[in-house]
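Undergrad: For reference, the structure I am asking about is given below.
What follows draws every value from the coordinates through simple rules; no lab data is involved. Remember, it's a predicted structure, so these values are computed and weren't measured experimentally. Backbone-built Cβ (ideal geometry, glycine too); neighbour counts: all protein chains shown.
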């Protein structure tokens with residue numbers, strides 16, 4: 001999802017929001033004298049929702065979690081907003097708010113973010129950006145089969161290959177390391193920018209480890225730019241994956257060196273490299 005920092009279900013486009021939808025259904029057949037059931041129409045007050053019974057699962061998904069008042073939809077990038085312009089104005093505004101809420105919550109409340117993305121998908125399932133959001137939030141929330149299905153759908157719609165690292169990692173999580181390796185060898189990966197290429201390298205090395213191929217995992221990581229001078233997150237993550245794999249291979253002294261090298265550039269503390277180094281030092285005679 002473009003506004004989630006690139007980290008990281010089925011209604012019909014044009015469906016009205018849940019409140020207007022309920023009103024439309026309750027008013028069906030107006031002016032015809034009798035609804036299809038043949039009973040006289042009541043002019044009394046409508047029962048409140050509790051009296052009508054709880055929302056169905058599909059209705060709950062369609063409604064989504066409460067939208068924070070401060071989320072307007074304007075938080076989305078211009079590119080994402082442009083993709084929503086084919087929707088009716090009110091529908092586009094509601095979908096935009098759910099997408100923006102999903103982007104705001106994906107790191108700290110991934111399950112709620114996923115529910116917001118599902119609410120957007122229930123209203124606009126034919127938009128690739130919506131399916132992308134559903135896939136990325138599902139991945140963040142640990143719903144790997146759902147994430148894979150959504151990202152496949154987005155890829156069919158827009159032909160994008162940027163989802164391949166997440167899709168490969170979903171295959172790993174679902175126990176299909178071989179399929180993850182196949183995606184890692186996709187010719188498109190060679191054209192990736194450095195951060196996306198690093199993510200795919202990490203997934204590929206992880207798949208090798210899943211298959212018990214530690215030496216191959218190390219070789220995969222050693223071909224990556226581990227010595228890059230940047231302090232960007234992708235370099236931190238590459239170094240951490242390498243240190244972790246070295247430790248798994250029993251090369252503890254080398255692992256200690258690389259945990260220290262990871263910590264040295266991990267100003268945002270996105271890894272526990274310092275703790276891992278301390279643990280190794282305590283084990284070293």
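Undergrad: On full extension of the chain, what length is gained from residue 227 through residue 282, given 0.36 nm per residue of separation minus the C-alpha to C-alpha distance? Mind dumping the intermediate values first?
TA: Numbers: separation 55, 0.36 × 55 = 19.80 nm, distance 2.64 nm.
Result for the pair: 17.2 nm of gain on full extension.
Undergrad: Sticking with this structure for a sec: Answer rounded, prolate or oblate for the range 187-232, using the Cα gyration tensor with square roots of eigenvalues a ≥ b ≥ c: rounded when a/c is under 1.5, else prolate when a/b is larger than b/c, else oblate.
TA: Details: a/c = 2.40, a/b = 1.47, b/c = 1.63.
Oblate, since a/c reaches 1.5 and b/c is not below a/b.
Undergrad: Right, next: Run the quick spin-label model on residue 160 and residue 188: label points 7 Å from Cα toward the beta carbon, then report their separation in nm to one decimal.
TA: Distance between label points: 1.0 nm.
Undergrad: Packing-wise, with mean Cβ within 10 Å as the measure, how do 97-109, 170-182 rank, highest first?
TA: Highest-to-lowest ranking by the protection proxy: 97-109, 170-182.
Undergrad: Among 265-271, 122-128, what's the highest-first ranking by average C-beta atoms within 10 angstrom per residue?
TA: 122-128, 265-271
Undergrad: Given N residues in the range 133-206, what is its alpha carbon radius of gyration divided by 2.2 N^0.38 Å? Don't skip to the end; give the middle numbers.
TA: Details: Rg = 11.2 Å, N = 74, 2.2 N^0.38 = 11.3 Å.
Dividing the Cα radius of gyration by 2.2 N^0.38 Å gives 0.99.
Undergrad: A further question on this structure: Compute the separation of the alpha-carbon centres of the range 181-200 and the range 52-115 and state it in Å as a whole number.
TA: If we compute the Cα centre of each part, the gap is 30 Å.
Undergrad: At 10 °C and 1.306 mPa s, what whole-number value in µm²/s does Stokes-Einstein give for the translational diffusion of the range 157-285, with Rh from the Kirkwood sum over Cα pairs? Don't skip to the answer; put the middle values down first.
TA: On the way: Rh = 15.1 Å.
My calculation gives 105 µm²/s for D.
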